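Since the structure comes first, as structure tokens, the remarks are kept for the end.
No lab work stands behind these numbers, since they all come straight from the coordinates. A quick note: this is a predicted structure, and the numbers were derived from the prediction, not measured. For neighbour counting, all protein chains shown are included, and Cβ atoms are generated from backbone atoms with ideal geometry for every residue, glycine included.
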Amino acid sequence: MSAAAKDDVFGGIEGGATHSQIVLLNGSGDVISSAEVDLSTNHWQVGMDLCLARLNDLTNEAKKKAGLSLDAPLRALGISLSGADNDESRIQIETGLQKGYPNLSKHYYVCCDTVGSIATAFPKGGIVLIAGTGSNCQLINPDGGKFRCGGWGNMMGDEGSAYWISDLCLKTVFDTLDNLVPSPYDITVANEIMCRYFQVKDQMDMLKHLYTDFQKSVVAGMCREIAKAAREKKDPLCCHVFREAGRLLAWHILALLPKADKSLIEGDGGVHVVCTGSVFKSWDLLEEGFLDGLKPRGKDDVRIPEITLMFLEKESTFGSAYLGVSAAGTSIPIDYANNTKIFFNRKLNF
């Protein structure tokens, strides 16, 4: 694979349900511009036509900032999007951009958002664990094989996410007040959080927030208040839901490891996992449950010799750009060590 020319320009987009951003790199791997918008580029939410138009507008905004002609296509554009989880969607996005916006880019690489995070951190595959509003876990092996656990949304999963933590706390309050499944933990603080956060007086007032005016992100926002009560008041129920979240996040990793290449398990530092999402800001509350959740649940689970957790120091837009570079059949200088920061490492003896 030949090295890119210095004046080649590569783009990398990370598109989400509420926010989308792009970075442009030259052939030396240097940033020449970036742009971002508080708009969704998830085609399941906004439709394919609007998704493509927003990707074009975002790229052209970055081109303008870099002083590039809008008529000059990028050498390649890597696009990591929330919602681009299947081949049909990825093909639609690529062909739609090629036909509808012929001056945007010469080459494309389209993938889901988790793939961009892995590409930012690792040159030859790895694991990413997402715990933000929702949750998801993705494994990419060195041979390119992809496997996932979770990412099915709040109706079917999102275990360990901010939404799930809030929902578990709310469900515990409701069940205890109804005497259906009384909690072993006092619900006073959690009930106060619910009433204050949603500005309600009782369970009946909550129905509009849970049904008529339901917004997943609003429910997930209560997680911040739960974390505050767990950390400052040591409230037993609030601490419990975070321990359970940590356990279930660890189970996402256990679920994928039987499909992982041995090199991703037995190398220096053991299993490396890139962790993204706001829930990991409360790692101190997750840690106990997470470590307990790494214990093998049965004979089919892989025993983990060592675990290393990392945060991204650069946006996933960089990984998207790297994927675009590869799609163009070329290479640029990449220092992966500067793209991540280790925040937890532990040798395990389960």
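Normalising by the residue count of the chain, find the relative contact order in percent from Cα pairs under 8 Å and 6+ residues apart.
21
Please compute the Kirkwood hydrodynamic radius over the stretch 89-182, one decimal place, Å, based on all pairs of different Cα atoms.
16.2
Once the other residues with Cβ under 14 Å from the Cβ of Asn86 are scored (Lys, Arg +1; Asp, Glu -1), what is the net sum?
Neighbour charge sum, excluding Asn86 itself: -2.
As an exercise, identify the chymotrypsin sites (Phe, Trp or Tyr not before Pro) in the stretch 147-231 lying in DSSP coil whose Cβ has no more than 12 other Cβ atoms within 10 Å.
Those satisfying the criteria are Phe214.
By average Cβ neighbour count within 10 Å, what is the ranking of 28-34, 74-80, 294-300 from highest down?
74-80, 28-34, 294-300
Counting only C-alpha contacts under 8 Å and six or more residues apart, can you give the relative contact order of the stretch 54-137 as a whole percent?
30
Using Cα-Cα distances under 8 Å and only pairs 6 or more residues apart, what relative contact order does the stretch 208-350 have, in percent?
24
Given the stretch 1-157, what whole percent of its Cα pairs are spread farther than 18 Å?
Looking at the stretch 1-157, the distances longer than 18 Å represent 59 percent of pairs.
Could you check the spin-label model distance between Asp213 and Ser278? Points 7 Å from the Cα along Cα→Cβ, value in nm.
1.9
About its Cα centre, how strong a charge dipole does the stretch 80-195 have in debye, to the nearest 20, once Lys and Arg get +1 and Asp and Glu get -1 at the Cβ?
The dipole magnitude comes to about 700 debye.
Given His209, Ser117, Ala337, which one lies farthest toward the positive end of the charge dipole of the chain, if we put +1 on the Cβ of every Lys and Arg and -1 on the Cβ of every Asp and Glu?
The residue sitting farthest along the positive end of the dipole is Ala337.
Could you tally the net charge around Leu248, taking each other residue with its Cβ under 15 Å from the Cβ of Leu248, Lys/Arg +1 and Asp/Glu -1?
-3
Viscosity 1.002 mPa s, temperature 20 °C: give me the Stokes-Einstein translational D for the stretch 118-242 in µm²/s, with Rh taken as the Kirkwood radius over C-alpha pairs.
134
For Lys99, give me every one of the lysines with a C-alpha distance below 27 angstrom, ignoring sequence neighbours fewer than eight places off in its own chain.
Lys63, Lys64, Lys65
In the chain, what % of DSSP beta bridges are antiparallel (nearest 5)?
About 60 percent, rounded to the nearest 5.
What's the magnitude of the charge dipole for the stretch 195-308 around its Cα centre, counting Lys and Arg as +1 and Asp and Glu as -1 at the beta-carbon? Answer in Debye, nearest 20.
That gives the stretch 195-308 a dipole magnitude of about 280 debye.
Ser69 versus Asp300, label points 7 Å from Cα toward the beta carbon: distance in nm?
Modelled inter-label distance: 5.8 nm.
Looking at (1) 1.19; (2) 0.92; (3) 1.07, which value of Cα Rg over 2.2 N^0.38 Å comes from a calculation on the structure shown?
Comparing each candidate, only (3) matches the computed number.
Any idea what the dipole of the chain comes to, in debye rounded to 20, about its Cα centre with Lys/Arg Cβ at +1 and Asp/Glu Cβ at -1?
So the dipole magnitude of the chain works out to roughly 420 debye.
Picking from Val279, Val219, Val325, which is most flexible by a Gaussian network model of the chain using Cα springs under 10 Å?
Top of the fluctuation ranking is Val219.
Once you've got the Cα coordinates, tell me which of Lys171/Lys233; Lys146/Lys216; Lys295/Lys347 are over 19 Å apart.
Cα-Cα > 19 Å for Lys171/Lys233; Lys146/Lys216; rest within.
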